[in-house]
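Derivation of every value follows stated rules applied to the coordinates shown; laboratory data play no part. For clarity, every value in this text was computed on a predicted model and none was experimentally measured. Every residue, glycine among them, receives a Cβ derived from its backbone with ideal geometry; neighbour counts consider all protein chains shown.
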Amino acid sequence: MKYYVVADVHGFYTQFRAALEEKGYFTDPAPHKLILLGDLFDRGHEAAAMQEFVADLVERDEVILIRGNHEDLMEELVRNLERWMDTALLYSHHWSNGTVDTLLQLTRMDLSMVYAIPRMARNTMFSTPLYTTILPAMRDYFETDRYVFVHGWIPCTGVGGNPPRSYLPREDWRSAIFMEWEKARWYNGMLAASCGVREPGKTIVCGHWTASYGHTMFEGKGSEWGADADFSPYFGEGILAIDASTANSGKVNCVVLED
């Protein structure tokens with residue numbers, strides 16, 4: 001099977017579609033599927049178009065969806081919407097990460113309406129394709145003979161702070177519970193792989209942490225965020241990291257894999 005793999009679109013539908021077109025996704029006559037490695041929304045302003053496109057693929061069984069940390073953030077916000085409806089919202093991680101903006105885009109409500117009637121906003125979110133179709137289709141990981149596809153990394157033990165400065169492997173990562181996957185979705189896969197947290201005989205394909213980190217830290221190429229940053233996919237031992245930090249680079253990485 002041929003897989004077109006994309007990570008961390010963050011609501012930038014135009015750039016996402018351009019990446020697929022560049023790789024020939026829409027004109028490929030051979031059997032193929034799209035794999036999205038989480039963080040479909042937040043930061044970009046095309047959430048509605050992204051939602052429609054992905055929900056249609058789910059209905060046609062043409063996509064494999066991996067859950068990202070921003071999907072977790074959305075569920076945290078929506079479940080506790082009344083609690084966030086005070087001035088603290090404007091200084092919260094839900095505001096700075098763009099989760100509130102995605103809620104406004106998908107509900108077509110303005111912020112004053114959400115403040116006034118948060119229950120209506122929550123119920124409206126529950127009726128969107130994000131909740132009825134996309135989130136139920138998401139999984140923690142997808143595995144083939146040669147690859148493991150995740151958002152941040154496979155569950156392991158982070159050491160030395162938050163974010164971790166090092167990682168220790170666990171052999172039974174496939175049996176991890178939801179809370180362990182929640183943590184793993186925030187992990188820096190490139191650093192974890194360099195610490196020896198890998199899956200023998202396979203390449204782990206991940207997003208979440210911008211690929212420029214791997215280029216600068218392990219290849220000595222440019223900086224992580226400066227004008228000389230390299231946001232192209234990072235290949236290392238046992239890892240392929242593809243987050244292009246679209247908000248900074250203006251591009252989405254798409255890799256084509258066969259297995």
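How far is helix 69-79 tilted, in degrees, relative to the longest principal axis of the Cα atoms in the chain, given as a value from 0 to 90 rounded to the nearest 10?
20
Between residue 166 and residue 91, how many nm apart are label points set 7 Å from Cα along the C-beta direction?
3.6
Which one, 89, 40, 74, projects farthest toward the positive side of the charge dipole computed for the range 39-137 from Cβ point charges (K/R +1, D/E -1)?
It is 89, whose Cα lies furthest towards the positive end.
Would you mind putting 206-215, 54-63 in packing order, based on average other-beta-carbon counts within 10 Å, highest first?
Packing proxy ranking, top to bottom: 206-215, 54-63.
Which of the GluC sites (Glu not before Pro) found in the range 142-186 are in a DSSP loop and have at most 16 neighbouring Cβ atoms, other than their own, within 10 Å?
Hits after loop and neighbour filter: 171.
The range 86-143: which trypsin sites (Lys or Arg not before Pro) are DSSP loop and have at most 15 other beta-carbon atoms within 10 angstrom?
Within the range 86-143, the qualifying trypsin sites (Lys or Arg not before Pro) (loop, at most 15 other Cβ atoms within 10 Å) are 108.
Taking +1 at the Cβ of each Lys and Arg and -1 at the Cβ of each Asp and Glu, which of 255, 196, 181 sits farthest along the dipole of the range 142-258 towards its positive end, judged by Cα position relative to the Cα centre?
181
Between residue 139 and residue 79, take the C-beta separation as r, use R0 = 22 Å, and let me know the FRET efficiency to the nearest 0.05.
0.60
What angle do you read, to the nearest 10 degrees and between 0 and 90, between the alpha-carbon axis of helix 47-59 and the longest principal axis of the chain?
Between helix and principal axis, roughly 70 degrees.
Just to be sure I understand the model, the point goes 7 Å from the Cα along the line to the Cβ. What's the resulting residue 175 to residue 258 distance in nm?
Result for the modelled spin labels: 3.7 nm.
Just add up the charged neighbours of residue 37: K/R +1, D/E -1, any other residue whose Cβ is under 15 Å from the Cβ of residue 37.
With Lys, Arg at +1 and Asp, Glu at -1, the net is -4.
If you find the alpha carbon centre of the range 33-70 and of the range 95-116, how far apart are they in angstrom?
The distance from the Cα centre of the range 33-70 to that of the range 95-116 comes to 19 Å.
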